[in-house]
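J.: Below you will find the structure I want to go over with you.
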Amino acid sequence: MSERTQVAIIGAGPAGLLLGQLLHRHGIDAVILEARSRDYVEARIRAGLLEQGTIETLREAGVGERMDAEGIVHGGIYLCFDHALHHIPMRELTNGRTMMIYGQTEVVKDLVAARLEAGLPLLFECEDVALDGLEHDEPLVRYRHEGAEHELRCEIVGGCDGFHGICRPTIPADALSVWGREYPYGWLGILADVAPSTDELIYAYSDRGFALHSMRSHTRSRLYVQVDPDDDIANWSDDRIWSELHQRLASDGWELREGEVLDKGITPMRSFVAAPMRYRSLMLAGDAAHIVPPTGAKGLNLAVADVTVLADALVAHFASGSDTGLDEYSDRCLTRVWRAEHFSWFMTTMLHLDPQDDAFGRELQRSQLRYVTRSTAASTSLAENYVGLPLEQTAPPAVTR
Ligand code: FAD
Ligand code: DHB
């Protein structure tokens, strides 16, 4: 079967779904092709913290209603070390900017519902998705769906298929530069049926390794512990996980509440950037182009920032034939991406125990933790990165003489 659209979007994660929604608001046709089932995509527990810019984008895209009703606004975080909680008042340090706890599962559900309610094409369980014709600027997407072979012609391909997708590997190796780092630790994450034991997130540094207390709602907690990236989840009984959490999050006068563990899994951690984020009519966005370790809560927020820039560029392309936005897309995104890469690396290396590191390294970490909690300059720097820098502030500086 042969079909046509203006933009073929590969992947129905936050990047692909939001790109489809933003294009729809400007009357641009798109087809979204997703390899997994709707249930799988909607249940995949990942990020939970939205930056203010992300919140505003979701509102402007018309999918902010449930987020505003159910999301939990946060104005700061705690760093826990030396058995004490140290508050970083981000709202005060950043002229009133805040974050919101609203799970990626919920963002995805809202975007899927909006698309299906509008009767727009979103195909789950597509098999063997492949790109062709990029060299001749006549992109063609082949895929199989419900047993039938399809060919989708388009002007632009949105490569939103995550780190393990097919879009980035389609680009000839000599047209792409990549940078990356793998870390000697992973995160074991649990979702627990218990009210959060804290009003704001706790990032903990301890002699046993990193831990994070986050949440999903007023009745559900999300918690993480640093583990070996090759560890098997079968080695971690619920009792063992809670015991580690108690020890790593321990601080004077504070207590962790336990609850039934509803979900658990181990994620490896890596940094990765591919550039440029464009190859002819293929535009990469989100995890397809870059990965950050999760400690700075940047992955989902970067994906949203990419597609916001991309949607503007596509609106100009289709409305007036101007390709300036598409030409500038990669550079505009990458300056912000590298800022987030640095911040995520900084938070990760400040808070995790590197098994190769020595006592000197640990003292440096402790010194840095004391500095970012006691110096207004250092805590302001951490805060403005955490709440999310506006796009303009991550752009290259103007040349001055
Ligand atoms: P994805 O969400 O990966 O979406 C890509 C989509 O493309 C998927 O639905 C996939 O099924 C689909 N796809 C893949 N291949 C194909 C194909 N060939 N054809 C069609 N479709 C395809 N970030 C945080 O900020 N905090 C966290 O705690 C956090 N935890 C994470 C835990 C895990 C296990 C992972 C993997 C990521 C985590 N992240 C976290 C990062 C964050 O979730 C991602 O940055 C975010 O999902 C990026 O969105 P995306 O749409 O670019 O990619
Ligand atoms: C969550 C994940 C993060 O990586 C983070 O830095 C903060 C919160 C979360 O899943 O809630």
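J.: Just the residues that are away from ligand 2 (no atom under 16 Å from the Cβ) and either touching a strand residue (DSSP E or B) at 6+ places or on another chain (Cβ under 8 Å) or more than 30 Å from H150 (Cα to Cα) (or both), please, taken from segment 98-121.
T.: Across segment 98-121, the qualifying residues are V112, R115, L116, L120, P121.
J.: Search segment 38-49 for residues that are under 15 Å from G265 (Cα atoms) and among the small types (G, A, S) and pair each with any residue that is outside any helix (DSSP H, G or I) and near ligand 1 (Cβ under 10 Å from one of its atoms) when their beta-carbon atoms are under 9 Å apart and the residues are at least 6 apart or on different chains.
T.: Qualifying pairs under 9 Å: A47/G103; A47/A297; A47/K298.
For every residue, the table says whether it meets (1) more than 21 Å from S281 (Cβ to Cβ); (2) at pLDDT below 95.
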| site | (1), (2) |
| --- | --- |
| D137 | no, yes |
| E149 | yes, no |
| T170 | no, no |
| G186 | yes, no |
| L191 | yes, no |
| D230 | yes, no |
| I233 | yes, no |
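J.: If you don't mind, there's one more thing I want to ask. Return a yes/no flag: does segment 76-88 have any residue that is surrounded by 15 or more Cβ atoms within 10 Å (Cβ to Cβ), in contact (Cβ under 8 Å) with a residue 24 or more places away in the chain, more than 10 Å from ligand 1 (Cβ to nearest atom) and more than 22 Å from A383 (Cα to Cα).
T.: No, segment 76-88 has no match at all.
J.: May I ask you to say which residue of L369, L302, L353, L326 is buried (at least 21 other Cβ atoms within 10 Å of the Cβ) and not acidic (D, E)?
T.: Values: L369 fails: buried (at least 21 other Cβ atoms within 10 Å of the Cβ); L353 fails: buried (at least 21 other Cβ atoms within 10 Å of the Cβ); L326 fails: buried (at least 21 other Cβ atoms within 10 Å of the Cβ).
Unique residue meeting the criteria: L302.
J.: I want to confirm something. Restricting to segment 274-301 and keeping residues that are over 17 Å from E328 (Cα atoms) and of a type in the set (A, V, I, L, M, F, W, C), which single residue is nearest to the chain's Cα centre (by Cα)?
T.: Applying the filter and picking the extreme gives L300.
J.: With the requirement that a residue be more than 9 Å from ligand 1 (Cβ to nearest atom) and over 14 Å from L19 (Cβ atoms), what does segment 294-324 give you?
T.: So in segment 294-324, the residues more than 9 Å from ligand 1 (Cβ to nearest atom) come out as 305, 308-324.
Matches in segment 294-324: A316, A319, S320, G321, S322, D323, T324.
J.: Further, regarding this structure: From the list A274, A340, which one is in contact with a strand residue (DSSP E or B) (Cβ under 6 Å, 6 or more places away or on another chain) and either closer than 30 Å to D207 by Cα or outside any helix (DSSP H, G or I) (or both)?
T.: Details: A340 fails: in contact with a strand residue (DSSP E or B) (Cβ under 6 Å, 6 or more places away or on another chain).
After applying the criteria, what remains is A274.
J.: What number of residues in segment 21-43 are small (G, A, S) and within 11 Å of ligand 1 (Cβ to nearest atom)?
T.: Here is the first cut: in segment 21-43, the residues small (G, A, S) are 27, 30, 35, 37, 43.
Next, from what is left, pick out any that are within 11 Å of ligand 1 (Cβ to nearest atom): 35, 37.
Of the residues in segment 21-43, 2 are small (G, A, S) and within 11 Å of ligand 1 (Cβ to nearest atom).
J.: Kindly provide the set of residues from segment 191-211 that are within 12 Å of ligand 1 (Cβ to nearest atom) and either farther than 23 Å from I88 by Cβ or free of Cβ contacts under 8 Å to residues at least 40 places away in the same chain (or both), ordered by number.
T.: L191
J.: Is it the case that segment 236-253 has a residue that's part of a loop (DSSP other than H, G, I, E, B), among the charged types (D, E, K, R), out of contact with any Phe, Trp or Tyr (no Cβ under 8 Å at 6 or more places or on another chain) and at pLDDT 95 or above? Even if it seems obvious, please write down each step before you answer.
T.: Step one: list which residues in segment 236-253 are part of a loop (DSSP other than H, G, I, E, B), which gives 236-237, 250-253.
If we keep only those that are among the charged types (D, E, K, R) too, we end up with 252.
After this cut, where a residue has to be out of contact with any Phe, Trp or Tyr (no Cβ under 8 Å at 6 or more places or on another chain) as well, the list is 252.
When the remaining residues are screened for being at pLDDT 95 or above, the result is none.
Among the residues of segment 236-253, not one is part of a loop (DSSP other than H, G, I, E, B), among the charged types (D, E, K, R), out of contact with any Phe, Trp or Tyr (no Cβ under 8 Å at 6 or more places or on another chain) and at pLDDT 95 or above, which makes the answer no.
J.: Right, another one. Name the one entry in T335, T324 that is among the hydroxyl-bearing types (S, T, Y) and either within 30 Å of L201 (Cα to Cα) or modelled with pLDDT under 95 (or both). So that I can check it myself, show each step before the final result.
T.: On the way: T324 fails: either within 30 Å of L201 (Cα to Cα) or modelled with pLDDT under 95 (or both).
Among T335, T324, only T335 is among the hydroxyl-bearing types (S, T, Y) and either within 30 Å of L201 (Cα to Cα) or modelled with pLDDT under 95 (or both).
J.: Could you please find all residues in segment 160-190 being more than 14 Å from ligand 1 (Cβ to nearest atom), in a loop (DSSP other than H, G, I, E, B) and not aliphatic (A, V, I, L, M)?
T.: P172
The values are calculated or read from the model by the stated rules, or taken from the named source; none is laboratory data. Here the structure is a predicted model, which means the values were calculated and not measured. All Cβ positions, glycine included, derive from the backbone under ideal geometry; neighbour counts span all protein chains shown.
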